[in-house]
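Shown next, in structure tokens, is the structure this report addresses.
The values are calculated or read from the model by the stated rules, or taken from the named source; none is laboratory data. None of these values were measured; they are calculated from a predicted model. Virtual Cβ from ideal backbone geometry, glycine too; neighbours counted across all protein chains shown.
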Amino acid sequence: MAELASTSTKPKHMAFTYLSPLKHDIVYPKITIKPCLAPKSHSSNPNFLNIVSPITSGKIHAATTNVTTKELSYQDEKFKTQEEALPAGLEEELMPKHVAFILDGNRRWAVEKGLPPMDGHAAMRITLRSILPLCSKLNIKSVSLYAFSTENWIRPTVEVDFLMEMYEDVLRNDTKELLSLGCRITLMGNKTKLPKSFQKVCTEIEEISKNNTGTHINYGINYSGKHDILQACRSITTKVKDGILVPNQINETHFKQELYTKTNEFPYPDLVIRTSGEIRLSNFMLWQMAYSELYFTKKYFPDFGEDDLIKALLAFQETRRRV
Amino acid sequence: MTTSFFDNKPKHMAFTYLSPLKHDSSFPNFTIKPCLAPKPHSSNPNFLNIMSPITSGKIHAATTNVTTRELSYQDEKFKTQEDQALPAGLEEDLMPKHVAFILDGNRRWAVEKGLPPMDGHAAMRITLRSILPLCSKLNIKSVSLYAFSTENWIRPTVEVDFLMEMYEDVLRNDTLELLSLGCRITLMGNKTKLPKSFQKACAEIEEKSKNNTGTHINYGINYSGKHDILQACRSIVTKIKDGILVPNQINETHFKQALYTKTNEYPYPDLVIRTSGEIRLSNFMLWQMAYSELYFTKKYFPDFEEDDLIKALLAYQETRRRVIK
């Protein structure tokens, strides 16, 4: 059973339904889930405090710990130094510069494990904590994540609030390891609709990491491809109104410089990985994915491990060789 | 061989690719009629490839088998418009309204058969002649085709010229059958860069069919998704300049009304089928495909048959059932 952060007596039952963000600065150990019941305005919602039996809480622990400890030790073995050769026959020159992930299947993963759907998002967070450093160690220049779509606002309020808090905590805490690897962190999406504290964290992490030269990790939050194109179009029309541009001059470069990916050195994904078996774009980076290789896997994202990433990269390299 | 085709039957025929007919002969559906019309680029030594009867027989065999079989298959299945049940367990209410095709693999198909690459395009044309009427008979409301991309201009001049002539002939002749099925024909792309005769053929067929209520067949010629978005942006910008729109007001509906698909009743594909095994979008209808189901098949497009279309539709319906649940 996982320990509670700050209580003195060990409770017989724990509210273990999902991972609540920490409100105070605790060094967050990588592998253990530390639930924390911070009182919230919506905690009057009877679903918020699900008293879960030790068996179920043990299930979460097992379901997530196995993945992370296995991968963590695997990573430590393989990547003792930065100069390690790429694993499994991957060729340096054929590595994709920019890999994008459509993080799908969290809720289905949880439901299949008999867990509440939102635990799937917590599990996705844990998987990201192993996949992102892995991408950095594989020297992938840029990683984009479809974390929260503009269409996700219609989900139940409890879920939306949870995701907002979770991602804010991700940007506050999970990025520490990424920063230590020299990663640059940015947010891709319409920040203005996010909670104020979230916007503040975004600004801070973008500022702290803006000169980093490692992997550029691009969190797509409140993002959608059409919205990206629309806001680019709006900025272009403003430029035309101000006399900077003439309508007939508008070309692909102008667009590229207005999209949310304008500060990316490699704005267009070479490889897009979608989990959970759906074969759709779901309004992800439509403009930027014009020539991306698409890779679809039936695995749900919480189950996506290092081997799956290597498989996707090998498939990408195979296609590159052929083309 | 520069003698006229109709004077004496040549021992060898220039059978490398399908030359467009310059005279109005009724074009039988399934025989290739080569015609050597003199053209400005016929000084190009590659233009007149003299081929042995064996090779020309190969083309004939390679393409005829497919077409005659499908024609009889169709005749059996679709005796009248009224009593056709959808084949193979397809459900009416789960049919996609709009199916788009990325017509890939023509040249590879030809090379694998030991034919010159451009014969693959001729073979694609023949496959389209069975697939498009089939879509119409399946009551698919809209079909879009990625026939010629803006990026295809960089191909060798001989190939580009051939494709331009072929597609012009498609719009002039192959559409006759589609018109008889009540199809509406439009071109999706930047017409201004096309040869004048081509533009004329486009204008004629669009005018002739504009009130038809059958399947809307949308030929993507000189098209690309980014180009579509850019020209939509430019027309929106013009509206801003004319004071009709304010920048902050620009929304998805304005874009939808400015894209090349603005006259389509169903502008967004429900299902996109890409042949030849490549798993990419290749700059096709990027905006319009935001929520499309994508279907990838390893078959080259000239080999794409009714069964493959049914398979794709079944897979689509399977996904719809799952998502709706």
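Annotations for the structure displayed:
- Residues that are more than 20 Å from B:Gln199 (Cα to Cα), in a loop (DSSP other than H, G, I, E, B) and at pLDDT 95 or above were ranked within segment B:250-263; the one that is nearest to the other protein chains (Cβ to nearest Cβ) is B:Ala258.
- Qualifying residue in segment A:66-76 (condition: among the aliphatic types (A, V, I, L, M) and modelled with pLDDT of 95 or more): no
- Contacts under 7 angstrom Cβ, first residue in segment B:269-290 being facing chain A (nearest Cβ under 10 Å) and closer than 18 Å to A:Asp228 by Cα, partner part of a loop (DSSP other than H, G, I, E, B) and of a type outside the set (A, V, I, L, M, F, W, C), 6 or more apart: B:Asn283/A:Tyr291; B:Asn283/B:Ser224; B:Met285/B:Pro269; B:Gln288/B:Pro267; B:Gln288/B:Tyr268; B:Gln288/B:Pro269; B:Met289/B:Pro269; B:Ala290/A:Asn283
- Selection status of B:Ala312, within 24 Å of B:Leu90 (Cβ to Cβ) and either within 9 Å of chain A (Cβ to nearest Cβ) or of a type outside the set (D, E, K, R) (or both): yes
- Boolean, B:Ser136 is touching a residue at least 40 places away in the same chain (Cβ under 8 Å) and touching a Pro at 6+ places or on another chain (Cβ under 9 Å): no
- When residues of segment B:291-300 are limited to those that are in contact with a helix residue (DSSP H, G or I) (Cβ under 9 Å, 6 or more places away or on another chain) and facing chain A (nearest Cβ under 8 Å), the one nearest to B:Gly120 (Cα to Cα): B:Tyr295
- Considering (1) out of contact with any His (no Cβ under 7 Å at 6 or more places or on another chain); (2) within 30 Å of B:Thr238 (Cα to Cα), the lone condition that A:Asn190 does not fulfil carries the number (1).
- On the stretch given as segment A:182-205, residues that are surrounded by 16 or more Cβ atoms within 10 Å (Cβ to Cβ) and not basic (Lys, Arg) total 12.
- Among the candidates A:Leu313, A:Leu286, the residue that is at pLDDT 95 or above and not in a loop (DSSP other than H, G, I, E, B) is uniquely A:Leu313.
- Unmet requirement for B:Met188, which otherwise passes all of (1) at pLDDT below 95; (2) in contact with a strand residue (DSSP E or B) (Cβ under 6 Å, 6 or more places away or on another chain); (3) among the hydrophobic types (A, V, I, L, M, F, W, C): (1)
Condition check ((1) closer than 30 Å to A:Val323 by Cα; (2) modelled with pLDDT under 95; (3) in contact with a Ser or Thr (Cβ under 7 Å, 6 or more places away or on another chain)) across all residues:
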residue: B:Gln84; (1), (2), (3): no, yes, no
residue: B:Glu92; (1), (2), (3): no, yes, no
residue: B:Pro96; (1), (2), (3): no, no, no
residue: B:Ala100; (1), (2), (3): yes, no, yes
residue: B:Ala123; (1), (2), (3): yes, no, yes
residue: B:Leu134; (1), (2), (3): no, no, no
residue: B:Leu163; (1), (2), (3): yes, no, no
residue: B:Tyr167; (1), (2), (3): yes, no, no
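- Tally of residues being surrounded by fewer than 22 Cβ atoms within 10 Å (Cβ to Cβ), within 10 Å of another protein chain (Cβ to nearest Cβ) and not in a helix (DSSP H, G or I) across segment B:220-249: 2
- Segment A:301-314 - residue that is charged (D, E, K, R) and in contact with a strand residue (DSSP E or B) (Cβ under 9 Å, 6 or more places away or on another chain) and, of those, nearest to A:Ile126 (Cα to Cα): A:Asp308
- Residue list for segment B:295-317, filter: of a type in the set (A, V, I, L, M) and touching a residue at least 24 places away in the same chain (Cβ under 8 Å): B:Leu309, B:Ile310, B:Ala312, B:Leu313, B:Leu314
- Check on A:Asn211, more than 12 Å from chain B (Cβ to nearest Cβ), surrounded by fewer than 23 Cβ atoms within 10 Å (Cβ to Cβ) and not β-branched (Val, Ile, Thr): yes
- From A:Asp104, A:Asp169, A:Asp119, residue being acidic (Asp, Glu) and not in a helix (DSSP H, G or I): A:Asp104
Residue by residue, here is whether (1) more than 25 Å from B:Lys97 (Cβ to Cβ); (2) hydrophobic (A, V, I, L, M, F, W, C); (3) in contact with a His (Cβ under 8 Å, 6 or more places away or on another chain) holds:
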{"position": "B:Val237", "(1), (2), (3)": "yes, yes, no"}
{"position": "B:Glu306", "(1), (2), (3)": "no, no, no"}
{"position": "B:Leu314", "(1), (2), (3)": "no, yes, no"}
{"position": "B:Arg321", "(1), (2), (3)": "no, no, no"}
{"position": "B:Ile324", "(1), (2), (3)": "no, yes, no"}
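- Output for segment B:141-166, where each listed residue is among the aliphatic types (A, V, I, L, M) and not in a helix (DSSP H, G or I): B:Val143, B:Leu145, B:Ala147
Okay, residues lined up against (1) touching a helix residue (DSSP H, G or I) at 6+ places or on another chain (Cβ under 6 Å); (2) touching a residue at least 12 places away in the same chain (Cβ under 8 Å):
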| residue | (1), (2) |
| --- | --- |
| A:Phe198 | yes, yes |
| A:Lys210 | no, yes |
| A:His227 | yes, yes |
| A:Leu230 | no, no |
| A:Phe266 | no, yes |
